[in-house]
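A short write-up of the structure that comes next.
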Amino acid sequence: GWLGSELDARPGAEAWPEVEQAERLARGAALKWASGVFCRPEHLERLSQYKKRESQRTTSIHTRLKSMVRSYLEGVGWGLEQLRDARAELMTVSQALKKTGLESSCSTDGERSLEKLREVSVHHRQLLTAVSNLPRLYAVRSMVLETERLVESRRLLEAHALLMDLEQWQDEILWQLSGNTGMEKSALSPEDQELVAKYFSGVGNLVEALGKEMWAVVSSALALARQNPTPFVSAVRIVEREEALDRAFLEERGGNRSSRPLPPQRPRCWRAAFFQVFEDGVSTRFRSVSFLHTRGPGLAGHLSAIQHGVMADLATVCCLLEHCVPPHYQLTGAYIKAIHQCLHNHLAQISSWDLESGEIFAVLNWVLHVYDSPDMMGHPEMVKEVKKEDLPPLIPPERLEQLQSKYVQSVQRSVSEWMYKALQVELQDWQRDQEPDTDHEGFYQTSLPTIITQMLEENARVALMIGETLRDQTIQMGLYEMEKLLNRFREALVELGKEHRREPDNHNNRFYLHYLLASISNCIVLKKSTESLQQQQSPRSMGQFSRTPPNPLAALDRAVRRACRLVMDQLLVDLQPFLPGLLTRPWLVQGEPTPKLCGILEHHLELYGRVRPPCRQRLQEETQWLIVVEYVRALMQKRLVCRNGKDRTQLAQQMIQDDQQFRELFHGLEGEGVPPEVNPLALLPVLADFLQLKDPGMLTLEVSGLTAKYPDISDEHVSILLDIRGDVSRDVRGAVLDLLEQSAPSLPVGYRPIFTDILVPPSTVVFCLPKAKCA
């Protein structure tokens with residue numbers, strides 16, 4: 001309240017809005033504080049204490065304010081004194097400046113007379129410079145001519161020494177004409193500049209001529225260094241001199257020791273130009289070799305020539321040129337980088353051509369093996385100069401993959417064409433009027449498997465020279481083509497069988513069976529070759545191909561099955577004229593035609609011996625199945641029905657005798673370990689025992705044993721066997737058939753049905769009831 005009243009009492013207080021705002025805030029804070037302290041009537045008892053405490057606080061604040069205002073007023077007074085002193089000094093200086101201005105205006109005429117004297121002095125200096133440089137100026141023309149002569153005769157060091165003298169004279173004259181006053185060259189009069197340029201007009205041309213000769217020496221260093229390295233050494237020394245001069249001029253100008261301008265055509269940077277010209281020379285020399293005829297079979301020789309040329313030049317650089325330059329040049333590394341870039345561009349151009357497989361192989365082999373080998377860039381001395389990581393790939397990885405794919409496609413076209421031709425030759429061999437050739441083991445063979453195997457193995461071996469990935473791709477491609485060939489081979493076998501059935505007596509079909517057997521042996525050879533190729537593949541490559549993996553083994557199995565089926569069909573055709581005579585009355589009396597059948601079988605089995613295992617065993621087994629099936633089929637025809645026990649005994653004995661003849665014929669097969677339960681000939685004695693059983697009451701037990709051994713036998717087959725016996729009553733027949741109907745055993749695992757292939761002829765019983773319409 002005291003502070004507010006004091007401020008209100010000051011004149012012009014209403015002109016201070018901040019004071020009013022501060023007062024309002026103070027009053028509000030005081031009111032808030034009082035309302036909090038005196039919120040109850042009993043609190044008013046301490047009003048005097050609060051009043052006394054606030055009065056003391058106000059007195060203290062008032063005292064501090066007075067002290068602060070007093071010190072502030074003292075400072076203001078001192079400042080006013082300083083301002084008075086400064087004002088007095090400024091007035092003194094102003095009067096002195098006015099006096100100086102008046103005096104300088106009076107000396108203008110004197111300055112005009114001194115200007116003429118200055119011009120005379122400058123002209124005198126120029127004349128003095130001209131007089132002192134007259135010997136040099138008169139010698140400039142002769143020195144220029146001498147320098148030109150030295151440049152033309154490639155005495156580069158002497159020419160450069162004279163050129164340096166000329167440039168030094170030119171620089172000094174320009175510097176002297178500028179009066180050494182720090183004026184820039186541009187401050188010279190046009191007449192002075194034209195005069196100096198006229199006297200030294202040939203210096204700029206000399207620099208260009210000397211540079212041209214130097215760069216010609218540097219660019220041809222690889223070709224001329226072995227004959228005379230002196231010009232190259234001179235060029236390097238000149239480059240180093242120029243680099244030193246450039247560095248000295250730049251340091252002088254950068255050190256701010258003077259404002260002397262840079263001489264004309266400085267800095268020249270001839271060291272950088274040296275490396276650029278050297279790289280251009282390497283590129284030009286490489287192009288002179290690489291633009292030779294490179295297409296076709298000469299590509300491998302061209303790459304070999306490049307290798308020898310590069311290594312010869314590299315030896316020149318390492319053993320000769322490297323010793324002609326300072327160590328920090330690292331000329332060998334510069335050559336390696338330059339030739340690497342040349343090779344990169346050249347191989348990119350070659351790989352863009354429409355290359356054949358042999359050309360692609362030459363490129364891939366050179367890039368992946370020759371270039372990085374110790375005979376070339378992989379040499380320990382070369383590795384020291386440049387790290388492999390510092391060089392870009394000779395051919396980008398994606399381009400390498402494209403080349404490999406292109407190689408595989410080219411080889412695939414060739415393989416497909418050769419396989420087609422080999423198959424056509426095979427088809428022509430089938431029409432020959434002579435037996436197929438045999439190998440050293442006596443097995444039938446033709447040229448087909450040898451051609452295919454050698455071709456695929458050779459392609460895989462050549463691809464492996466590039467890398468495992470390309471070998472795997474080539475093998476995969478070969479397996480695809482093998483599968484296609486085998487499918488066409490199987491179709492050709494089918495057509496051959498159809499043609500033989502249409503014209504069985506054709507003279508060209510005399511050796512039809514022999515070539516079928518040769519085809520089976522060929523498939524066995526191709527299977528071994530296929531398995532060998534599959535084993536050569538890397539396991540990691542099996543899942544890296546986008547399309548369905550080839551399955552030539554399945555195609556081989558289909559072709560072998562078809563060929564074996566045709567062989568069995570031919571056997572059946574040969575047996576067919578004699579099969580109707582089986583199990584007839586003449587057969588029962590004379591035993592014919594079993595010996596003739598055995599003769600045919602023996603002939604066929606002898607031919608089957610020319611087939612490679614395991615198909616030889618397979619054909620022998622199929623022959624057993626066929627003869628047994630046809631034998632039982634003849635039995636089911638009911639050509640012979642027994643009239644009494646003697647007939648049954650004679651029938652069983654003849655069947656057992658036939659079985660013995662068959663067993664003797666197939667004794668070799670049984671000797672090779674064929675299990676008895678697999679041998680179909682075991683069926684004939686079983687049927688003979690069934691037919692010669694004397695007690696019909698035991699037929700039920702006999703049929704039970706028969707169904708246990710041959711669960712595929714049907715009630716129709718058993719019924720015909722009962723009819724052949726001729727002594728089975730209706731009751732016994734019914735009991736046997738009921739037993740069959742109740743048992744119906746399932747076929748065990750691995751059991752090969754035999755009765756399933758034997759169809760029962762339809763019943764010939766006459767329906768004796770009269771025909772009548774249905775009501």
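The values are calculated or read from the model by the stated rules, or taken from the named source; none is laboratory data. Please read all numbers here as calculations on a predicted model, not as lab measurements. So basically every Cβ, Gly included, is an ideal-geometry build from the backbone, and we count neighbours across all protein chains shown. Please note that ligands, DNA and RNA were not included when accessible areas were found on the heavy atoms of the full protein model with its side chains. Shrake-Rupley method; radii C 1.70, N 1.55, O 1.52, S 1.80 Å.
Looking at Met455 and the list (1) in contact with a Ser or Thr (Cβ under 6 Å, 6 or more places away or on another chain); (2) within 15 Å of Gln412 (Cα to Cα), which single condition is not satisfied?
(1)
Condition check ((1) hydrophobic (A, V, I, L, M, F, W, C); (2) at pLDDT 90 or above; (3) surrounded by fewer than 16 Cβ atoms within 10 Å (Cβ to Cβ)) across all residues:
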position: Thr649; (1), (2), (3): no, yes, yes
position: Gln654; (1), (2), (3): no, yes, no
position: Glu672; (1), (2), (3): no, no, yes
position: Glu677; (1), (2), (3): no, no, yes
position: Pro685; (1), (2), (3): no, yes, yes
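Looking for something surrounded by 14 or more Cβ atoms within 10 Å (Cβ to Cβ), modelled with pLDDT of 90 or more and in a helix (DSSP H, G or I) - is there at least one such residue anywhere in region 752-761?
Yes, region 752-761 contains at least one residue that is surrounded by 14 or more Cβ atoms within 10 Å (Cβ to Cβ), modelled with pLDDT of 90 or more and in a helix (DSSP H, G or I).
So which residues in region 296-314 are open to solvent by less than 40 Å² (accessible area, probe 1.4 Å) and under 30 Å from Ile238 (Cα atoms)?
Across region 296-314, the qualifying residues are Gly309, Val310, Asp313, Leu314.
Just to be sure I understand, how many residues within region 410-438 are charged (D, E, K, R), more than 43 Å from the chain's Cα centre (by Cα) and surrounded by 14 or more Cβ atoms within 10 Å (Cβ to Cβ)?
Looking only at that region, the number is 3.
Quick one: in region 356-408, of everything that is among the β-branched types (Val, Ile, Thr) and not in a helix (DSSP H, G or I), which residue is surrounded by the most Cβ atoms within 10 Å (Cβ to Cβ)?
Ile395
Answer yes if at least one residue in region 317-330 is among the β-branched types (Val, Ile, Thr), buried (at least 19 other Cβ atoms within 10 Å of the Cβ) and within 19 Å of Trp215 (Cα to Cα), and no otherwise.
Looking for residues that are among the β-branched types (Val, Ile, Thr), buried (at least 19 other Cβ atoms within 10 Å of the Cβ) and within 19 Å of Trp215 (Cα to Cα), one finds at least one in region 317-330, hence yes.
Yes or no, residue by residue, for (1) open to solvent by 60 Å² or more (accessible area, probe 1.4 Å); (2) in the same structural domain as Pro549 (by the TED database); (3) hydroxyl-bearing (Ser, Thr, Tyr):
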| residue | (1), (2), (3) |
| --- | --- |
| Glu441 | yes, yes, no |
| Thr446 | no, yes, yes |
| Gln454 | yes, yes, no |
| Leu464 | yes, yes, no |
| Phe489 | no, yes, no |
| Glu495 | yes, yes, no |
| Arg501 | yes, yes, no |
| Pro504 | yes, yes, no |
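Identify, from the list Ile720, Ile713, the residue that is touching a helix residue (DSSP H, G or I) at 6+ places or on another chain (Cβ under 6 Å) and either outside the structural domain of Met655 (by the TED database) or not in a helix (DSSP H, G or I) (or both).
Step by step, each of Ile720, Ile713 is checked, and only Ile713 is touching a helix residue (DSSP H, G or I) at 6+ places or on another chain (Cβ under 6 Å) and either outside the structural domain of Met655 (by the TED database) or not in a helix (DSSP H, G or I) (or both).
How do the pairs read when you match residues in region 109-132 that are more than 20 Å from Trp169 (Cα to Cα) with residues anywhere that are modelled with pLDDT of 70 or more, using Cβ under 6 Å and keeping only pairs 6 or more apart or on different chains?
Short answer, once both residue conditions are applied: none.
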